[in-house]
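I have placed the structure first, in the form of structure tokens, so that the comments after it can refer back to it.
No lab work stands behind these numbers, since they all come straight from the coordinates. If you're wondering where the values come from, they're calculated on a predicted model, not measured in any experiment. When we count neighbours, we look across all protein chains shown, and the Cβ atoms used for this are built from the backbone with ideal geometry, even at glycine.
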Amino acid sequence: MSDTSLRLVWVYPDLLSTYGDQGNALVVERRARQRGLDVQRLDVRSDQPIPTSGDIYLIGGGEDRPQRLAAERLLRDGGLTRAVDNGAIVFAVCAGYQIMGHEFVNDLGERSAGLGLLDVISTRGEAERCVGDVLGDADEQLRLPQLTGFENHQGVTHLGPGVRPLGRVRLGHGNGTGDGTEGAWRDTVFGTYLHGPVLARNPHIADLLIKLSLDVNALPPTDDTWYEALRQERIAAATQPA
Amino acid sequence: MAGNTEPLSPRSRLAVTAGKAAAAVSRAAGRGSGSVIGGKVALKLDPDLLQRLAQHLDVVLVSATNGKTTTTRLIAEALRANGEVVSNALGANMPAGITSALAGGSSARYGVIEVDEKYLSGVAKDVTPKAIALLNLSRDQLDRAAETRMLAERWREGLSGQKAVIVANADDPLVVWAASSSPNVVWVAAGQEWKDDAWSCPACGGVMQRPGDDWFCAECGFRRPKPTWALSGDHVLDPHGSAWPIHLQLPGRANKANAATSAAVAAAFGVPPQVALERMYAVKAVAGRYDVVQYQGRDMRLLLAKNPAGWLETFSLIDPPPTPVILSVNARGADGTDTSWLWDVDYGRLAGHPICVIGDRKLDLAVRLEVAGVDFQVCQDPADAVRRCPPGRIETIANYTAFQDLRRAVGN
């Protein structure tokens with residue numbers, strides 16, 4: 001890719017855009033433009049082919065049936081897997097995160113195949129649904145500040161040896177396995193249960209995706225006053241007793 | 001029919017009395033109108049009370065994600081042309097609140113009842129309605145509510161075999177899916193600006209095609225039914241092809257749609273559209289919504305928007321720039337505690353308005369507006385926001401508990 005352009009693909013907003021997921025696309029788009037990049041954003045519906053030439057692919061959360069349909073259509077299409085083979089970056093949230101794994105439990109209670117881009121398997125939790133604010137520490141390899149977000153899921157995601165957790169929760173459930181892990185990543189593929197949307201609550205992750213796509217270590221600074229104010233408020237709210 | 005001619009059983013009368021006493025105690029304790037606690041006490045004493053109270057009424061149920069309180073009010077006004085109406089006008093829309101409202105109207109002929117989406121099927125079984133108005137379904141409070149399509153599915157199951165005439169919005173695929181299990185539907189082309197909960201066919205999961213105002217699923221053939229009533233600009237078109245002008249005091253396209261649906265409901269009870277519409281013009285505000293209040297020497301219009309579809313309709317009715325706008329958002333239990341939905345709202349449409357943000361979650365709004373690239377000021381409270389607003393009438397848009405806070409703050 002050229003150094004001045006960014007092709008941002010939002011995958012299947014018709015199926016996986018239930019929890020303000022457009023916000024993740026808007027934040028990446030905004031922060032890339034603030035760094036002088038020419039951003040082309042492409043929203044791809046589930047009856048359209050996934051282009052393989054994108055730099056960053058975003059996939060959101062959704063209800064159980066749309067999740068199954070999305071996985072079926074992504075597998076049939078094959079474009080996202082080819083894009084990752086070409087080095088593209090994927091950032092997936094909640095239902096989308098589960099689809100990136102080997103398999104998940106669908107709306108019919110059956111196991112559905114995922115894309116296998118992350119070495120994780122998702123099952124349905126027996127415990128109460130995980131709903132509420134999350135506070136966590138990011139994997140030190142990612143060199144990110146604290147993670148903040150909102151989770152709302154029944155699924156439990158088990159990590160295999162081929163991935164690292166995106167972070168560890170101080171408050172909330174994350175992957176729901178009881179070991180405190182939240183999300184998963186390897187190379188250029190990231191998954192998380194966090195909404196908020198997660199990139200609005202954690203703009204450093206949006207910057208990480210942009211840096212990876214440009215293959216640079218740093219980006220020009222932006223005025224993050226309001227992001228920081230929101231982060232401090234949410235982190236304080238999460239650590240204070242209700 | 002002429003109201004409650006047969007007396008209630010002693011048990012039901014006792015339940016009604018006990019409920020009213022509980023409501024009075026609750027009011028005296030300063031805990032609101034007391035209608036919910038009163039209804040709960042009464043239902044505990046007589047679990048079939050709702051059914052019994054409704055027995056002697058011609059009941060209309062109104063349900064939707066947005067517009068149910070206003071439409072309930074419009075239908076009630078229209079039906080008053082024919083006789084006395086009892087209604088849960090203040091929006092207490094779950095079984096306890098409904099029971100309490102009906103217990104207050106012993107001589108009424110009609111019961112016009114707003115029902116929470118989640119309770120529609122159950123209430124419809126209890127009260128044997130003559131008509132059910134279904135306006136729209138969209139995402140709302142997803143951290144505690146059912147998924148939107150599941151709600152449509154529950155409506156569909158609850159309405160199959162329903163004897164009431166269903167008056168339903170032909171422009172909302174989820175509503176059409178829910179209503180089409182019923183044998184007797186009057187379709188109203190009432191419009192629906194928000195489309196993002198119905199890109200996936202509710203019947204088969206196929207991708208919905210939406211050319212212009214039409215919609216259909218290319219895979220299974222599920223498609224928009226042919227409406228017999230329609231909202232067309234500022235007119236209601238009735239089944240005979242007559243166009244009736246709408247001159248509501250309530251603002252906005254969504255309220256014209258509510259009026260069109262209300263006219264179709266009224267017609268089912270023999271009230272002609274002209275009579276029904278003229279009666280609706282008397283409505284200026286509904287439970288504080290759309291009220292213009294004086295605060296600190298300024299005119300403020302109070303607008304309630306609880307979810308993305310509601311915000312979208314609200315943006316289309318506010319005065320154009322440079323009218324100042326105050327936005328207030330909370331995330332308490334009744335609002336839904338996840339603020340992610342702010343990102344489904346296109347705040348870029350407010351460009352050009354001076355904007356002040358307040359509420360518990362003003363910082364979420366600040367980030368949302370910053371990313372939308374529109375200017376804004378973060379303010380402490382309504383007084384601070386009003387001080388910073390340039391001259392002119394102020395449009396104030398707030399979600400559920402933020403709206404209640406605001407009404408208290410401005411003395412509405």
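Considering only DSSP beta bridges with both partners in chain B, what is the antiparallel share in %, to the nearest 5?
30
Measuring from label point to label point, each 7 Å out along Cα→Cβ, what is the A:L42 to B:E84 span in nm?
Calculated label separation equals 6.7 nm.
I'd like the antiparallel share, as a percent to the nearest 5, of DSSP beta bridges with both residues in the stretch A:5-239.
If I count the DSSP bridges inside the stretch A:5-239, around 55 percent turn out antiparallel.
Mind running the shape call on the stretch B:298-412? Use the C-alpha gyration tensor, a ≥ b ≥ c as the square roots of the eigenvalues: rounded below 1.5 for a/c, prolate if a/b tops b/c, oblate otherwise.
Rounded.
Once you charge only the Cβ atoms, +1 for Lys and Arg and -1 for Asp and Glu, what is the size of the charge dipole of the stretch B:292-410 about its Cα centre, to the nearest 20 debye?
Dipole magnitude for the stretch B:292-410 comes out near 340 debye.
May I ask you to list the lysines whose Cα is less than 16 Å away from that of B:K130, ignoring any residue fewer than eight positions away on the same chain?
B:K163
So how do A:126-136, B:265-275 stack up, highest first, on mean other-Cβ count within 10 Å?
Taking the mean over residues of other Cβ atoms within 10 Å, the ranking is B:265-275, A:126-136.
Just report the Cα centroid separation between the stretch A:1-62 and the stretch B:192-262, whole Å.
31
Projecting each Cα onto the charge dipole of the stretch A:5-239 (Lys/Arg +1, Asp/Glu -1 at the beta carbon, about the Cα centre), which of A:S53, A:A236, A:G167 comes out farthest on the positive side?
Working it through, the farthest residue towards the positive pole turns out to be A:S53.
Taking the Cα centre of chain B as origin, sum charge times position over the Cβ atoms of Lys and Arg (+1) and Asp and Glu (-1), and report the length of that vector in debye to the nearest 20.
Dipole of chain B, to the nearest 20 debye: 1120 debye.
Indicate the gyration tensor shape class of chain B (rounded, prolate or oblate), computed on the Cα atoms with a ≥ b ≥ c the square roots of the eigenvalues: a/c under 1.5 is rounded; otherwise a/b larger than b/c is prolate and the rest oblate.
Oblate, since a/c reaches 1.5 and b/c is not below a/b.
Residue by residue through B:339-349, how many Cβ atoms from other chains fall within 10 Å of the Cβ on average?
Counting other chains' Cβ atoms within 10 Å and averaging over B:339-349 gives 6.
Which of A:G183, A:G114, A:H158 sits closest to the plus end of the dipole of the stretch A:96-208, meaning its Cα is farthest towards the positive end, when Lys and Arg get +1 and Asp and Glu get -1 on the C-beta?
A:G183
Taking all pairs of distinct Cα atoms, average 1/r, flip it, and tell me the Kirkwood hydrodynamic radius of the protein assembly as shown in Å to one decimal place.
26.2
Given B:I397, B:L363, B:A385, which one lies farthest toward the positive end of the charge dipole of the stretch B:319-412, if we put +1 on the Cβ of every Lys and Arg and -1 on the Cβ of every Asp and Glu?
After comparing all options, I get B:A385.
Between B:Q380 and B:D346, with labels modelled 7 Å along Cα→Cβ, what's the label distance in nm to one decimal, could you check?
Inter-label distance under the simple model: 3.7 nm.
What size of dipole, in debye to the nearest 20, comes out for the stretch A:5-239 about its Cα centre when the only charges are +1 on Lys and Arg C-beta atoms and -1 on Asp and Glu C-beta atoms?
The calculated dipole for the stretch A:5-239 is roughly 300 debye.
In whole Å, how far is the Cα centre of the stretch A:149-190 from that of the stretch B:317-382?
31
Need the list of aspartates and glutamates near B:K40 for cross-linking: C-alpha distance under 15 angstrom, and skip anything on the same chain fewer than eight residues off.
Result set, ordered by chain and number: B:D48.
Summing -39500 (n - 2.57) over the DSSP H runs of n ≥ 4 in the protein assembly as shown and dividing by its residue number, what mean residue ellipticity at 222 nm do you reach, to the nearest 500 deg cm²/dmol?
It comes out at -10000 deg cm²/dmol, rounded to the nearest 500.
From the phi of every residue in the stretch B:236-241, what ³J(HN,Hα) in whole Hz does the Karplus formula 6.51 cos²θ - 1.76 cosθ + 1.60 yield, where θ is phi - 60° and glycine or proline is x?
Result, rounded to whole Hz: 9, 9, 8, x, 8, x.
Spin-label point model (7 Å from Cα, Cβ direction): what's the A:T4 to B:C220 distance in nm?
It works out to 5.0 nm between the two label points.
Could you check what % of the DSSP bridge pairs in the protein assembly as shown are antiparallel, to the nearest 5?
For the protein assembly as shown, the DSSP antiparallel bridge percentage is about 40.
Say we join alpha carbon atoms closer than 10 Å with springs in a Gaussian network model of chain B; which of B:G359, B:G91, B:G212 then has the biggest fluctuation?
Result for chain B, Cα springs under 10 Å: B:G212 fluctuates most.
For chain A, calculate the relative contact order in percent as a whole number, restricting contacts to Cα pairs under 8 Å that are 6 or more residues apart.
Over chain A, the number comes to 18 percent.
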